[in-house]
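What follows is a short report on a single structure.
No value in this document is a laboratory result; all are computed from the given coordinates. The structure presented is a predicted model; accordingly, all values stated were derived computationally and were not measured. Here the Cβ positions follow ideal geometry from the backbone for every residue, glycine too, while neighbour counts run over all protein chains shown.
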Amino acid sequence: DAKTTQPNSMESNEEEPVHLPCNHSTISGTDYIHWYRQLPSQGPEYVIHGLTSNVNNRMASLAIAEDRKSSTLILHRATLRDAAVYYCILLNSGYALNFGKGTSLLVTP
Amino acid sequence: DSGVTQTPKHLITATGQRVTLRCSPRSGDLSVYWYQQSLDQGLQFLIQYYNGEERAKGNILERFSAQQFPDLHSELNLSSLELGDSALYFCASSVGGGQRNTEAFFGQGTRLTVV
């Protein structure tokens, strides 16, 4: 599976939108883009995934660049509960998620 | 609550010993995945079972083994334990045979401490 690059950490104010970037310049045409997050002392939690089109669900939105070499996870209104490590993962032929280091999101009141 | 149950939550054991970690997947999920999370290595995929058969292998040591039973629960066996095996072990499940176009559900993990 292709590699992703994320900032080590980001900070946001509560109730403001958060845009978490992910670069994946070597993405292949059939790689799915997955986002998971891990809250402190918890197991990873699925956030969203997509292939080519932007996706929305109750947790977040996923904006995928037209050339698919980057994507952005959007949390529309950050809450303290959104403080977590966010992982951007590409999945194609592999059967399992390959977690990198992710982005540690700090949300301040 | 993800619907994935792992037991025990905590385990403390001595070097050289053997332990078994248990995972019950979400109802209806056929795949079970095992992951290890340590401070220096991050989250690493160990092994996947699909409907009782081994489907994929990751960075699993030879001292470790797993199986999935007919009722779809899975066990991860860790033997000849070393201090470096101390970690959080997560189990995840998904409906199909791969995680490519589906979401995986993770349990709360088993924290293993080897002393």
Relative contact order (percent, whole number), chain B, Cα cutoff 8 Å, 6+ residue spacing: 37
Mean separation of Cα contacts under 8 Å (6+ apart) over length of chain A, as relative contact order %: 37
Kirkwood Rh and Cα-based Rg: tell me the resulting Rg over Rh for the stretch B:5-115, rounded to two decimals. 0.95
If R0 is 30 Å, what FRET efficiency do you get for residue A:59 and residue B:14 from their C-beta distance, rounded to 0.05? 0.10
Between residue B:82 and residue B:111, what is the FRET efficiency for a Förster distance of 25 Å, r being their Cβ-Cβ separation, to the nearest 0.05? 0.95
How large is ³J(HN,Hα), in whole Hz, for each residue of the stretch B:60-71 in order, when computed from phi with the Karplus curve 6.51 cos²θ - 1.76 cosθ + 1.60 and θ = phi - 60°, using x for Gly and Pro? 8, 6, 5, 6, 9, 8, 9, 8, 10, 8, x, 7
Write down Rg/Rh for the stretch B:67-115, rounded to two decimals, with Rg from the C-alpha atoms and Rh from the Kirkwood relation over Cα pairs. 1.05
With no solvent term and unit scatterers on the alpha-carbon positions of the stretch A:1-104, Debye gives log₁₀ I(q)/I(0) at q = 0.16, 0.22, 0.23 Å⁻¹ of -0.63, -1.21, -1.32
List the lysines whose alpha-carbon lies under 16 Å from that of residue A:69, not counting same-chain residues fewer than 8 positions away? A:3
Farthest toward positive dipole pole in the protein assembly as shown [+1 Lys/Arg, -1 Asp/Glu at C-beta], among B:98, A:97, B:24: B:24
Cleavage-rule hits, GluC sites (Glu not before Pro), the stretch B:1-96, DSSP coil, Cβ neighbours within 10 Å at most 15: B:62, B:82
Per DSSP, the loop-located trypsin sites (Lys or Arg not before Pro) within the stretch B:1-51 having at most 15 other beta carbons within 10 Å are B:9, B:18
Round to a whole angstrom and tell me the spacing of the C-alpha centers of the stretch A:4-27 and the stretch B:67-95. 31
Select from the stretch B:40-115 those trypsin sites (Lys or Arg not before Pro) which occupy a DSSP coil region and have at most 15 other Cβ atoms within 10 Å, ordered by residue number. B:63
Tell me, rounded to the nearest percent, the portion of alpha carbon pairs in the protein assembly as shown spaced more than 33 Å apart. 17
Where both residues lie in chain B, what percent of DSSP beta bridges are antiparallel, nearest 5? 90
Proximal lysines relative to residue B:9, as straight alpha-carbon distance under 22 Å, when same-chain residues fewer than 8 apart are discounted: none
